Structure formats: C-alpha cells, structure tokens
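Each remark here refers to the structure printed beneath this line.
Computed from the coordinates by the stated procedures, all read-outs in this text should not be read as laboratory data. Quick caveat: nothing in here was measured; it's all calculated off a predicted structure. Cβ placement follows ideal geometry from the backbone for every residue including glycine, while neighbour counts extend to all protein chains displayed.
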Amino acid sequence: MKKRIIVLSILIATLLSGCGSSISQEDYDSKVAELEKVQKELTELKTQNAEKGMSEAGAKAWATESFGEAAQIIIHDKDLYINVPTGFTVSEKSIEALWTKILSGLSLYADYYKMNPEQLPYDSVTIIVLEEETGLDMLSCQFLKNADGSFTQNAAMINISDFNKIAPYLSKAIK
C-alpha cells in the first residue's frame, strides 16, 4: 500500500513537472483522483489498525500484568489466547505457582472487566504455557466467561509426554 502511494506520488510529481511534455487535463484529473483514492484507502487502513490496537490494549494490559512482559496475545473473534512462553517447568512447585498465577490472572481479569467491560469483550480465554526447558506446550487451560466477568474452567490440556508428571501436580494445585 505504501509503495503504491510512493509510486503514484512520483508519477504525479513527474507529470506535474512537465518533463518537457504536456499532459491533458483528463489525465491530470485521473491521476489526482487515483491519488485521492489511495490516500483514502491509507487513512482507512490506519484507522482500522488504530481500532485494532485499542481493542487489544485491554487484553495486552491484562496479560502483561498477569503473566509478565513476555506474554503474547492472539485475538480471534470473541476468543482471547494468551501464550506464556517462559518461566515454568514440569515440577510440583512450578505447577503450583503456575496455577496460582492463572487463578490470580483470572481474578484480575474479572476486576478489569467490571471496570471496563468493553475493553475485555472475550467469551473465552485460553492460556497456553510453554515449558521453559523444551519450549513445547506444557499445559493449556480454557476458561469460559460468566455474565459477571468471572470464569469457569472449560478444559485443560497437558502435553501427552508430560501427562504422568503434570497431572498429579495439577490435581494437587487445583484442590
């Protein structure tokens, strides 16, 4: 899009400078109309990007506060996905700390939601945690939003190769 604007701007500048030849009023008007159209498209694209950034701001603020700067968000329709890339291992203390962090994060989400529901309009939140040493999915939990902004756990998925290690730790942490 930017390249198109630059090319059109150079073309129009060249045509307007004369370059030893004249252009017809019709050609001039056509190029001006085309440039105006491209400028309008660029403005619309900037507006869409700004709106997207504003709609993601609440989710990004919550994810950063709950899971740290490395947390990444992906929004798909009314579903929010949080990728937590580092900090947890397959150990009892780490799984307990992770579960505490998830519950704390969901409580904070509910608080944010009560203050600004339009900033967090998601029907589900899925938290995906990567195991620190391997970088592979260790655990993911999906939560569905209730009417008051709180969440109910819908599903938990554990990497099959770590299932026998993680399940007992997770079971203990959930109690």
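Observations, loosely collected:
- A cut-off of 5 Å between modelled amide H atoms, ignoring neighbours fewer than 5 places along the same chain, links SER150 with no other residue.
- Taking a sphere under 12 Å around the Cβ of LEU170 and counting the other residues whose Cβ falls inside, with K and R at +1 and D and E at -1, yields a net charge of 0.
- Annotation for segment 82-175: GluC sites (Glu not before Pro) lying in DSSP loop with at most 15 further Cβ atoms inside 10 Å of their Cβ are GLU132, GLU133.
- Less than 5 angstrom separates the built amide H of GLY87 from those of GLU132, all sequence-distant by 5 or more or on a different chain.
- A P(r) calculated from all alpha carbon pairs of segment 18-175, with 5 Å bins opening at zero, reads 2, 8, 15, 17, 13, 10, 7, 5, 4, 4, 4, 4, 3, 2, 2, 1, 0 percent.
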